[in-house]
Amino acid sequence: MRFDSEILGLAAAWLGVGVTLAVLALLLLFIFLRRLTRARWFRLRDRRGQFVRQHWNEIVDGDIPAATWCFRKLDRQIVEEIALDRMELADSEEAGRLTMFFRDSGLLDRYKYDARKRTGWQRRQSLLTLGRMLAPEALPILIATLEDGADEDAVAALRALGRIGSTEAGTAILRRLDRPLSCPREVVELALTTCFRADPEALMSHIPFADDKIRPVLARVLAEVAVAGMADGWSTLISDPLPEVRAAAARTLAIVQPTGAAMVLAMLTEDVEWFVRLRATAALGELADPYTIPVLIERLCDSNRLVRLRAASALVRMNGSGFQILTLASRTEDRYALQALVSEFERSGKITRMVDGLAKPGAAVVHAGLITAARGGAVRLLADLAQRHPDEVVRRRLDQILEQVEDPVAREYLAKLRESPAEIDETPVPRNTAEGISRVLTGTGAAGRADPTPASA
Amino acid sequence: MTAFLRTASWLLAFYYAGTNFVYLILFVQSIRATVEHHRLLKGLWIHRVRGSKLTPPISILVPARNEQLSIVESVRSLLALDYPEIEVIVVNDGSTDGTLEQLRQSFRLVESDILHVSEIATASIRGVYMSAADRRLLVLDKESSGRKADALNAALNASSAPFVCAIDADAVLENDALLRIMAPALNDPAHVVASGGIVRAANGSTIVNGRVTRVRLPRTALETLQVLEYLRSFLIGRQGWARMDMLLVISGAFGVFRRDLCKEIGGFRNSAIGEDMDLIVRLHRHLREKRGKYRIAFVPDPVCWTEVPDRLGSLARQRARWQNGLADVLWSNREMTLNPKYGRIGLLAMPYQWLFEFLAPLAEVLGWAAVLVGSVSHALDRSFFIMYFLFGYLFSGLLSVGSVLLEEMVYHRYNDWGDLCRLVGFCFVEPLYYRPLNTIWRVQGLWHFVTGRNSWQLIHRAGFGQGSPAKEPSAQI
């Protein structure tokens, strides 16, 4: 027994060594041979690629017959890749020419055949390639695969249909969505967005009949493809029981801007769902209608922080109403609301511009507005400007404002600035303001120091 | 004595056969995973993802402690990444050097009054800074708690995107790394909860403006051996485990996670030594307990370049810490082991980690001891021993050559013939020189775990471009 086990063990070890050695030798041989052939293959590919590019027009027009390149795998791959890449960027004339080329050269038929006969990833690849060819003849096979294919094939067909992007393709996708399909939501949205970009009204007609799972998807797509002046149809969406649909309706309204949009959006700002209120508030901001200021001021006091921030950002975009908005916001006696608004004013650079107005006629209104801003949290910025503003009158008036506010932070900050002026740059960079950022980016700020950040950043 | 030696030798032989069998399975799985991934990429049309409004934003979390030499370069390369929407959150974790000052000067940081809500408890935040040069950059200055996990949690609290990407401050990402690492999540957003990328050693390569412009092998043997180890660990180990849905580690140097799930499980565990592995194990645990369908993916081509230690002392400390971290994670999640409730994670992945990772250094030491005692007592069958030693040596070389093959076939980063020959040559040096040393360091790590020594030891770094030591992505198979 002992003898047997020893012999067995030794034999196993010998076998292991032999097999490992053989596999190792094969792997090493493969690595080195592959590297040798790879270099040769790249040289060949570059040469053939150059030839194809030089004779591209003759190939596409058929002056060089397809038979000369389509039976050589490398040549065919190069021609296909170049043609499909060009199709992505082609204008309508060039696209038509390339479609003819796909038909005449037999490439289209080849991929149609592959999409029908092949299985697995080769079939999916063929379906995707048919989509890239943008040929209407591919639609029946793509629609058939979408209807009957396995989930993965159906998703590939869906993406290809999305690439073709016609209303017919979009309608086929909508038909398929009646049944469950295991596909990422983003893929469906992207495909539908491309399909209905040219005809959003066709999509709108489908939304009321879609079930609860699909309706939010369609509503979101509608918000992406909607155009100004689109026909009515959105009105049913604003009273939809699903909050996602109502939110998407708010986005659509901001783009379509029909008569009475502000009123409808004002109603949506009181929705029970915070994200509907958020979308409606953002949409009101897009309208930039001064009559919506009271509604937005109300949203400044919303229970949701994001809604408050969006309302503040919408209010800042209202042209020429800064002081009135600040006054109205201060009347709400909601410190959070005022702080959100003042931060947004600060970020947009409006406060810095208001400060410049202190030296001009009508400074009393500016003075009152800045006191509200200081009470809302803009003390640091005002203290900075009080120290560094080039106009002495402005500096003096800012001092008065800060004294009037009686804020300990402001007093401490001013004292610190005055104690150590050497630590401060000569040119002030307004904190968090668009002006400050643009000044830095254009290199005009902070004593002309070179900005080390690359342009891409 | 002879009976003991005989039993020990059979036990070790089975143990060894088991390890090699698992490695062989991983090798086959990794080849299949590589092929599948390339088919996925072919059909994904990355350029459309890049231009799509529907691509989910990512918050990049960068914990930085005493990184003044490389932080500016790293942040610049992150801001220039090719991805539709990112925010970069750098956490200056109580640095005692000029890390914050470097950032302040280079990116025109201004202190902001933004409210920082610590949903996950962290050490106190001293200040929040926004950049006047790039609004996508946010810098948090916090007190140090001596834990990277704490800094990551602070960044997690400040993040706003649905996905967060944790990376090391000294890491350099390739330009399209985020697009590529997000491929599984974009393809299957309902189920993919985390995705890890490959980490490679940047030593020896040329880095200009935060981009690797020329890939070369490092000059020293120690660094080159680590290159090989990383290749084997990521291309075979991680990829193979991910293919079988049993990936337990996503490197802390580069990984993407769903933010909501990270917060649900309380973020990174503060007391964890290997916080990256700990997070993934807890994610598995949480999702298995919720009985949700999920996937943790590994993507082999989004490359993150990092410096590896070039000094033996630094490397020894790093490896001891990894082993300590592994033991800590396994111990704190020990209820998962062999528990059917956790499916293949509990029944296969965790026992593998205990048996072939946690116990591996002890088994190796036991093997050496058995050989020594056997030779002294003349009980060792020399021909038997030589055959097994040869088999082990060749099999180890085979796995390393396999990873070089995967690299050569698919990724092809080392274009120089000299580099290829050196890499293949080192496949046969590694088992003789590097592996025994690694075993000693791992035993030290286990000792640290037993004695409760788990303090963070800073590793000296020279910064990119000067070819020097570095950091820690876990690199065990």
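The values are calculated or read from the model by the stated rules, or taken from the named source; none is laboratory data. All values reported here derive from a predicted model rather than from experimental measurement. We place every Cβ from the backbone using ideal geometry, glycine too, and count neighbours over all the protein chains shown.
Numbers for the structure displayed
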quantity	calculated
Selection count, segment B:84-101, where residues are part of a loop (DSSP other than H, G, I, E, B) and out of contact with any helix residue (DSSP H, G or I) (no Cβ under 8 Å at 6 or more places or on another chain)	6
Unmet requirement for B:Phe428, which otherwise passes all of (1) free of Cβ contacts under 8 Å to residues at least 12 places away in the same chain; (2) under 22 Å from B:Ala17 (Cβ atoms); (3) surrounded by 15 or more Cβ atoms within 10 Å (Cβ to Cβ)	(1)
Of residues in segment B:436-477 being among the charged types (D, E, K, R) and modelled with pLDDT under 90, the one surrounded by the fewest Cβ atoms within 10 Å (Cβ to Cβ)	B:Arg453
Subset of segment A:190-212 [at pLDDT 85 or above, surrounded by fewer than 22 Cβ atoms within 10 Å (Cβ to Cβ) and within 11 Å of A:Val245 (Cα to Cα)]	A:Asp212
Candidates A:Leu108, A:Leu28, A:Leu134 - the one that is within 11 Å of chain B (Cβ to nearest Cβ), surrounded by 12 or more Cβ atoms within 10 Å (Cβ to Cβ) and without any contact (Cβ under 8 Å) to a residue 60 or more places away in the chain	A:Leu28
Residues of segment A:352-384 classified as more than 14 Å from chain B (Cβ to nearest Cβ) and part of a helix (DSSP H, G or I), total	18
Qualifying helices (runs of 4 or more DSSP H) (wholly inside segment B:177-249; at least 1 residues being of a type in the set (Asp, Glu) and under 19 Å from B:Thr306 (Cα atoms))	B:221-231
Wholly enclosed helices (runs of 4 or more DSSP H) of segment A:243-343 bearing at least 3 residues at pLDDT 85 or above	A:243-256, A:261-268, A:274-287, A:293-300, A:305-316
Residue under evaluation B:Gln105, criteria (1) at pLDDT 90 or above; (2) surrounded by fewer than 21 Cβ atoms within 10 Å (Cβ to Cβ), criterion not met	(1)
Unique residue being within 11 Å of another protein chain (Cβ to nearest Cβ) and either among the hydroxyl-bearing types (Ser, Thr, Tyr) or in a helix (DSSP H, G or I) (or both) when the list is A:Glu81, A:Glu6	A:Glu6
Qualifying residue in segment B:10-33 (condition: at pLDDT 75 or above, within 30 Å of A:Ala191 (Cβ to Cβ) and either of a type outside the set (S, T, N, Q) or in a helix (DSSP H, G or I) (or both))	yes
Residue that is farthest from A:Arg159 (Cα to Cα) [pool: residues in segment A:111-131 that are among the basic types (Lys, Arg) and within 14 Å of chain B (Cβ to nearest Cβ)]	A:Arg118
A:Leu190 farther than 17 Å from A:Leu130 by Cβ, touching a residue at least 12 places away in the same chain (Cβ under 8 Å) and within 12 Å of another protein chain (Cβ to nearest Cβ)	yes
B:Ser403 vs. criteria among the hydroxyl-bearing types (Ser, Thr, Tyr) and at pLDDT below 85	no
Tally of residues being touching an Asp or Glu at 6+ places or on another chain (Cβ under 8 Å) and not small (Gly, Ala, Ser) across segment A:282-331	6
Test: residue in segment B:378-388 that is more than 10 Å from chain A (Cβ to nearest Cβ) and part of a helix (DSSP H, G or I)	yes
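Conditions tested, residue by residue: (1) modelled with pLDDT of 80 or more; (2) buried (at least 19 other Cβ atoms within 10 Å of the Cβ); (3) under 20 Å from B:Val164 (Cβ atoms); (4) away from chain A (no Cβ under 13 Å).
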{"position": "B:Ser112", "(1), (2), (3), (4)": "no, no, no, no"}
{"position": "B:Ser118", "(1), (2), (3), (4)": "no, no, yes, yes"}
{"position": "B:Ala121", "(1), (2), (3), (4)": "yes, no, yes, yes"}
{"position": "B:Ser124", "(1), (2), (3), (4)": "yes, no, no, yes"}
{"position": "B:Tyr129", "(1), (2), (3), (4)": "yes, yes, yes, no"}
{"position": "B:Arg135", "(1), (2), (3), (4)": "yes, no, yes, no"}
{"position": "B:Leu140", "(1), (2), (3), (4)": "yes, yes, yes, yes"}
{"position": "B:Gly146", "(1), (2), (3), (4)": "yes, no, no, yes"}
{"position": "B:Ala151", "(1), (2), (3), (4)": "yes, yes, yes, yes"}
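Residues checked against (1) in contact with a His (Cβ under 8 Å, 6 or more places away or on another chain); (2) among the aliphatic types (A, V, I, L, M):
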| position | (1), (2) |
| --- | --- |
| A:Gln339 | no, no |
| A:Thr352 | no, no |
| A:Leu358 | yes, yes |
| A:Pro361 | no, no |
| A:Ala368 | no, yes |
| A:Arg380 | no, no |
